[in-house]
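Right, one structure below, let's go through it.
The values are calculated or read from the model by the stated rules, or taken from the named source; none is laboratory data. No experiment lies behind these values; they were computed from the predicted model shown. Cβ coordinates were reconstructed from backbone atoms using ideal geometry, including for glycine residues, and neighbour counts include every protein chain displayed. Each accessible area value is taken on the protein alone, full model and side chains, heavy atoms only, with ligands, DNA and RNA left out. Shrake-Rupley method; radii C 1.70, N 1.55, O 1.52, S 1.80 Å.
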Amino acid sequence: MSSQPPSATQQVVNLAEAQALWRQWVEAEIPDLESRAYFLPPVYVNRVPMTRQSVAGQDVLVLGSAPGQAGQSNKQAMASSSAAQALGHQPPRVQDSDVRDDAALELVLKCLQKISEQNKEVLVGLSQLKYEQCLGEPCYSSVAAQLPVADSLPSSFPRNWKQGDFDVLLIHRHYGFVVCEVKAFGDNIHELSMPQQDIDNNIRKKLKQAVSQLDKAEAMLSHLVSDIAPGLRITKTIAFPNLTARQLQQAISGDTKLSQSLCRCLGTSDPVDIIGLCLCSDQLSDPKTSCDVSSHVLSELGHWWQRRVAGAGPDSHMTFDLYKTLVAR
């Protein structure tokens, strides 16, 4: 039987058949599932469109954003504008924040890949996975009706909790789920000459957003695996690749309500622990050289991994059979 999952035109109606197909696909495509880390997709794919176009007889990559947006250099803007004019149309517009979000998420993923390789972690990492993508293919509609899916959240949950995505979702062989919410804020605060009070207010705003998003992610994840892994550990964390731990601490200090919310979300009783459970620029590569994950960064990242993920020890629910089933689904 082919190792590829069925196409959208091949209807799978039997749950046992579907699960057998998924596991066969995992065994064929991820042969070392029990001994190493895999990230899917293996190379990060930016959400911001880049189009290859021919200008004056040469192929050029045109950034799909409006010329002159914040964060875009004059050279980039002029190149985009010139290419678009030469072709007689405007390039598609995207938010400059999408460019920054892409860069931040890619940096976090690269660092997590490196520490996973160094520690010989056994996990599967997924990025930008939308809730509705779980069993969302038309060919699985009959099977999805028999399983927990995003659209079947209990009525007690707010309706908007059915929409969302996981920035980074790790399925770990021993530690269960790790969910990371990535916030890009901080990369251009010096260029904007932002006052310190505005910086702190923005950091607090991003932290509150992250808590809300992680609560949704935890609820959705628990629901999606409730039939096979009720009670499985879900470890939550927040990444700020462009902010230091000191900047984060300064913003949180004095906001008791936010500290309590973060303690609940991150699973600690001591506000002093909050910063150490988050990922900051102190544990990550320089955004300008994101591919260069130095030994110092790996050491700092290793300490964070021990505090946030490994310190609690293996989750007794996580057998290899369950691990394979979770990855397959």
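Look at (1) in contact (Cβ under 8 Å) with a residue 40 or more places away in the chain; (2) open to solvent by 20 Å² or more (accessible area, probe 1.4 Å); (3) farther than 22 Å from residue 126 by Cα and you find that residue 251 fails only one, number (2). Within region 268-286, residues that are over 18 Å from residue 214 (Cα atoms) have Cβ atoms under 7 Å from residues that are assigned to a loop (DSSP other than H, G, I, E, B) in these pairs: 281/241; 281/242; 281/243; 281/244; 282/244; 284/241; 285/292; 285/293, counting only partners at least 6 apart in sequence or on another chain. The number of residues in region 287-299 that are in contact (Cβ under 8 Å) with a residue 60 or more places away in the chain and under 15 Å from residue 115 (Cβ atoms) comes to 5. With (1) charged (D, E, K, R); (2) open to solvent by 50 Å² or more (accessible area, probe 1.4 Å); (3) in contact with a Gly (Cβ under 9 Å, 6 or more places away or on another chain) as the list, and residue 216 as the residue in question, which single condition is left unmet? Status for residue 216: all satisfied but (2). Looking at this structure, is residue 199 in contact (Cβ under 8 Å) with a residue 12 or more places away in the chain, within 25 Å of residue 123 (Cα to Cα) and surrounded by 14 or more Cβ atoms within 10 Å (Cβ to Cβ)? Considered against the rule, which asks whether it is in contact (Cβ under 8 Å) with a residue 12 or more places away in the chain, within 25 Å of residue 123 (Cα to Cα) and surrounded by 14 or more Cβ atoms within 10 Å (Cβ to Cβ), residue 199 comes out as no.
Reported count of residues in region 163-172, each being open to solvent by 40 Å² or more (accessible area, probe 1.4 Å) and either more than 27 Å from residue 100 (Cβ to Cβ) or in contact with a Gly (Cβ under 8 Å, 6 or more places away or on another chain) (or both), is 0. Residues that are farther than 19 Å from residue 318 by Cβ and touching a helix residue (DSSP H, G or I) at 6+ places or on another chain (Cβ under 7 Å) within region 222-246 comprise 238, 239, 240, 241, 242, 243, 244, 245, listed in sequence order.
Please verify whether region 206-213 includes one or more residues that are closer than 14 Å to residue 243 by Cα, in contact with a helix residue (DSSP H, G or I) (Cβ under 7 Å, 6 or more places away or on another chain) and open to solvent by less than 50 Å² (accessible area, probe 1.4 Å). The answer is yes, given that some residue of region 206-213 is closer than 14 Å to residue 243 by Cα, in contact with a helix residue (DSSP H, G or I) (Cβ under 7 Å, 6 or more places away or on another chain) and open to solvent by less than 50 Å² (accessible area, probe 1.4 Å). Quick one: in region 118-138, of everything that is at pLDDT 90 or above and assigned to a loop (DSSP other than H, G, I, E, B), which residue is most open to solvent (accessible area, probe 1.4 Å)? In this case the residue turns out to be 120. Within region 300-318, residues that are free of Cβ contacts under 8 Å to residues at least 60 places away in the same chain reach partners that are surrounded by 12 or more Cβ atoms within 10 Å (Cβ to Cβ) with beta carbons closer than 7 Å, at six or more positions or on different chains, in the pairs 300/282; 300/283; 304/279; 304/283; 307/276; 307/277. Scanning region 257-291 for residues that are of a type outside the set (A, V, I, L, M, F, W, C), part of a loop (DSSP other than H, G, I, E, B) and open to solvent by 70 Å² or more (accessible area, probe 1.4 Å) gives 269, 286. Restricting attention to region 292-301, the residues that are charged (D, E, K, R), modelled with pLDDT under 95 and part of a helix (DSSP H, G or I) add up to 0. For region 14-48, a tally of residues being modelled with pLDDT under 85 and either among the hydroxyl-bearing types (Ser, Thr, Tyr) or under 18 Å from residue 121 (Cβ atoms) (or both) returns 2.
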